[in-house]
1. Kindly indicate which of C:ASP248, C:ASP199 is of a type in the set (D, E, K, R) and at positive phi.
2. Taking only the stretch B:61-81 into account, find how many residues are over 19 Å from C:ALA424 (Cα atoms) and not aliphatic (A, V, I, L, M).
3. Could you say whether any residue in the stretch A:143-164 is closer than 14 Å to A:LYS186 by Cα, at pLDDT below 95 and within 8 Å of another protein chain (Cβ to nearest Cβ)?
4. Go through the stretch B:1-32 residue by residue and tally those that are more than 7 Å from every other protein chain (Cβ to nearest Cβ), farther than 30 Å from A:LEU138 by Cα and part of a loop (DSSP other than H, G, I, E, B).
5. How about the stretch C:8-24: which of its residues are under 13 Å from C:LEU172 (Cβ atoms) and of a type in the set (Val, Ile, Thr)?
6. List the pairs whose first member sits in the stretch C:126-149 and is over 22 Å from C:CYS415 (Cβ atoms) and at pLDDT below 95, whose second member is in a helix (DSSP H, G or I) and charged (D, E, K, R), and whose Cβ atoms are under 6 Å apart, counting only residues at least 6 apart or on separate chains?
7. The conditions are (1) in a strand (DSSP E or B); (2) touching a residue at least 60 places away in the same chain (Cβ under 8 Å); (3) under 20 Å from the mean Cα position of the chain (by Cα), and C:GLN245 fails exactly one of them. Which is it?
Amino acid sequence: MNSIVLWTVVILSSLGLVLAVVLYLVARRFKVEEDPRIDRVEAVMPGANCGGCGYAGCRAFAEAAVKDTTLDGHYCPVGGTPVMKQVADILGYELKEQAPMIAVVRCNGSCEARPKVNEYDGAKSCRVVSALYAGETLCQYGCVGCGDCVSACPFGAISMDAGTGLPVVDERKCTACGSCVKACPKGVIELRAKGPRGMRVYVSCISRDKGAVARKACQSACIGCGKCRKVCAAEAIRIEDNLSYIDFTKCRLCKKCVAECPTGAIHAVNFPVLKKKEAEGE
Amino acid sequence: MDRFIVSPSPHIHAPVSTRSLMRDVLIALAPAVVVSCLFYGWSELLVIAVSVVSCVLVEWALTRYVLRRPSTVGDLSAALTGVLLALNLPVSTPWWVVFVGALFAIGVAKITFGGLGQNIFNPAIAGRVFLLVSFPSYMTDWTAPQGLIGGGPDAFSGATPLSALKEQLAGGAAVDVSALASQYSYRSVLFANLGGSAGEVCAVALLVGFVYLLCRKVVKIWIPLSIFATVAVISLVFSSIDPVRFTGPLFNLLTGGLILGACYMATDYVTSPMTSLGGIVYGVGIGLIVMMIRYFGSYPEGVSFAILVMNMAVPLIDRGFHSRKFGRA
Amino acid sequence: MNKLSFSIGGVHPDDCKISRNCSIEELPLPGVMHVSMAQHLGAPATPVVAVGDRVRTGQVIGEPAGFISAFVHSPASGTVKSIGPGKDLSGRMVTHIDIAVEGDEWAEGIDRSSTLVTEIPEDRTFILERIRANGVVGLGGATFPTHVKLNPAPGSKAECLIINGAECEPYLTSDFRVLVERTREVVVGATIMRRALGDCRTVIAVEENKPEAIMSLRAAMGELHMEGLEIAVLRKKYPQGGEKQLIDAVMHRQVKSGGLPISVGAVVQNVSTALAVYEAVQKNRPLISNVLTVTGDCLPVERQHNYLFRIGMPLSYIAEYAGGVPEGAAKIVSGGPMMGRAVSEMEASTVKGSSSLLYLSEKATRRAPESNCIRCGRCASACPMGLEPFLLVRLAKAGDAAGLEAASVQDCIECGCCLYSCPAAVPLLDHIRPAKGQVMGIIRARAAAAKAADDKK
């Protein structure tokens, strides 16, 4: 009996010892020399591996950043400036400030404003729908509503609003990684400056149809009438292909265009409620 | 209709659904169920009823309250698991043991993996094996048939042919297995005259159902065929080397639930390979393991274990065996 | 008789050829024609008329805008009303020429008589030029310019011309009616194409469910004494009329992945194309009309028709003429039920490749709700290209382009067998289609890069 126990212990221990030596030798033989800064940079990254920076993940970003001599073109939209500051410190590079961004859904064609003219019966995927045909409504530009952006978002920041059938971005969760922008086959989602205290003004429509056509398809479409451009003092608005676009780098958030828009296609968000009421009262 | 449907092609669909496939398998099992009820009496009907009802209930409750998804009992897969589980149990199994088996089969082997289509192991077999290791006494209590049509053959003990064989072999002394095997006339195996679990009772009833499945193109023949062929070849080789120690092909093909396992459990879509070639590899694997367990293992049977083991190999088989592609010969 | 078939996969939908006994009727001209400039595979044609121009039937109104492109002719005489974007049947904007119809005055040089001209021109270039100038494209579905296909690249030789009369799509009977009613023209057309390809072996392939067509073909071939023509009877199986499948069935050769039919010495042309070739070469008549089946499971038999329509007639006009959309129609399809396109815009016009107006009932067409894949492998057994659709969908959802390419997603012919046969109603093809597009893009980019690197050397 004792000898069995003894033999067991001896055999297992020697086995362990031999394998440990083998492992040690293999590890030494195949050791890969890496810049230690890669690990340090990776450690300060958010670790979401979302690909928002354009690399396959946080480690790939770290490798690329370490390899390069500047931080130009390397930006982690998730961690934003604080993380990039740390990265810059580790690598000793200079950091250029970048304004925080957010994903903005540029379609307000709710079920009510944009009646359906046919019924789609296939895979629930925006990519599939937009490859197939113009869509369930008469607007061939707007949101398809199958939620490809929702499943693309690595942060769970987008959800579909059951009432409007449009995606809603949760501002606290959105990191402007751009996954949804890539996922949307219609190009409805745009990364725009988040704005001071989240205040921003944008045209919530991308229809390039002529005014009458766009209006027929959707009550809240931009009809390219140009009224917004006329009232804009900052010259931030341009009209191309029957569509108004507000340049967020020039917009001064005066909101004049919002009141002027005949279809309500221009949205202003996160402005203090009090002011909003005043505007309505006028 | 003012709004027309728009969808990608194709615009028509074959008249087949998960439900219709499961229904076909249930229809195919009907003869075996009827025969086993005839031979084992009301208690067998009770086992089947308890098994089916508990499988369906467990599936309904778990999808509804745990997964919070629309219930999937309508696809009849839970009912099918119930019938298969019951056919794998001895008629004397108490109702609560059947329920525990159903709970394990659906709750653990199926729902925890994500429900139909996601499970790795055949739920009915997983349930049966769970019961076999948890309640061995109930699971090996093979009472001889005392059926509705009266006068069941009580000429032999309550052991199944295979377990009787195992006991005698374990008892020491060389046993002439050919003599033992000859105790059981093949006629009695084919036409329901043996002790054993309900599904083993009548080979003809099972085969009739299987022919129905083949005609309806519900399953392909490759998996059962390769299991039978492997079992036959191995037992032929071994029994011709040493007919005293090893039983012959016919005995091995007709006993121990091999037909039930090969035709109805190994062919389960979810837990078998997708391609015909993969199916043959899978079938050969099952046949090999069955025969190894029967000849050299301590369990009298081996079909359940063999299927479970090969279930694990399915992802690997699917990776290795692909269908023949057009223009890439 | 030995019936031929392709070797891998396939499905057997009910053929539903309800309109098989309806003779071809000619549709009267509508008030306005919308002629699309994108009626063929390749670059859309460039309009060569201006608003206000008077045009005559058969006059060129669009010129090819590239090597793979085709002429477009006016389907009626009248005044050009407008030129600009108009919706196709999917609601997408395509350049259209709208013509206000004022009668049917034909351009000069077109033989409109019905006399059969059996003399085959000797000159190959003359044949190809006539086909090109008259805007003939493949009418089997892909609308590939016919003259390009009949003119194989130097170094490749056509060994067998297959005239595709399989019409394996359920419901459709337009090719069948052409085969029965215009048999002699089809036979002459086939012989003309055979001449263009250097008198190669020529097989007219027809599915077994069209015995009348086979009989009239035999009769016409006996009567006209055209040399080198054979008839092949095909088993009824979908997609028997797929180009690669048909070559496999008739020649027992498989076109390699990424290869063209000519790589195995095959050229496939549809029977309606053969008719169009006959008219283009023998009569100098441009492709401005085609046969279209109005059918469906919810359309009473007496309201089913095979129409000779002028290309450019709005779908709504044809539907109206045929008595309106029937009660119970839930989906309108242009083309067959397996590969046709669902119509979301009835104001869209017919194009050269239009083959049907198919009304499907809710019961026939509504998809069952998607449920879990039960790994039954039916999609893989059904796939005529031997692919594994379940695997492709998994890879597509994971976005694994390399894996998709390794699993040959680029070989998919989008026949729909996988989705047709799936018991769990998983939208297999819906997901495979964009994945295929993505992988094809990668392959093309790689080929372009390799070519650029080669050119540098």
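1. On the way: C:ASP248 fails: at positive phi.
The match here is C:ASP199.
2. Just the residues of the stretch B:61-81 that are over 19 Å from C:ALA424 (Cα atoms), to begin with: B:61-62, B:64-68.
Now restrict to residues that are not aliphatic (A, V, I, L, M): B:64-65, B:68.
Number of matching residues: 3.
3. Looking for residues that are closer than 14 Å to A:LYS186 by Cα, at pLDDT below 95 and within 8 Å of another protein chain (Cβ to nearest Cβ), one finds none in the stretch A:143-164, hence no.
4. Total satisfying the criteria: 1.
5. Residue satisfying the conditions is C:ILE18 alone.
6. Taking only residues 6 or more apart or on different chains, the pairs are C:HIS147/C:ARG132.
7. For C:GLN245, the failing item is (1).
This table checks each residue for (1) crowded, with 23+ Cβ neighbours inside 10 Å; (2) over 15 Å from C:GLU102 (Cβ atoms); (3) among the hydroxyl-bearing types (Ser, Thr, Tyr).
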site	(1), (2), (3)
C:LEU41	no, yes, no
C:PRO47	no, yes, no
C:ASP53	no, no, no
C:GLU63	no, yes, no
C:PHE71	no, yes, no
C:SER74	yes, no, yes
C:LYS81	no, no, no
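The values are calculated or read from the model by the stated rules, or taken from the named source; none is laboratory data. Just so we're clear, the structure is a prediction, and the values are computed from it rather than from any experiment. All Cβ positions, even for glycine, are placed from backbone atoms using ideal geometry, and neighbour counts span all protein chains on display.
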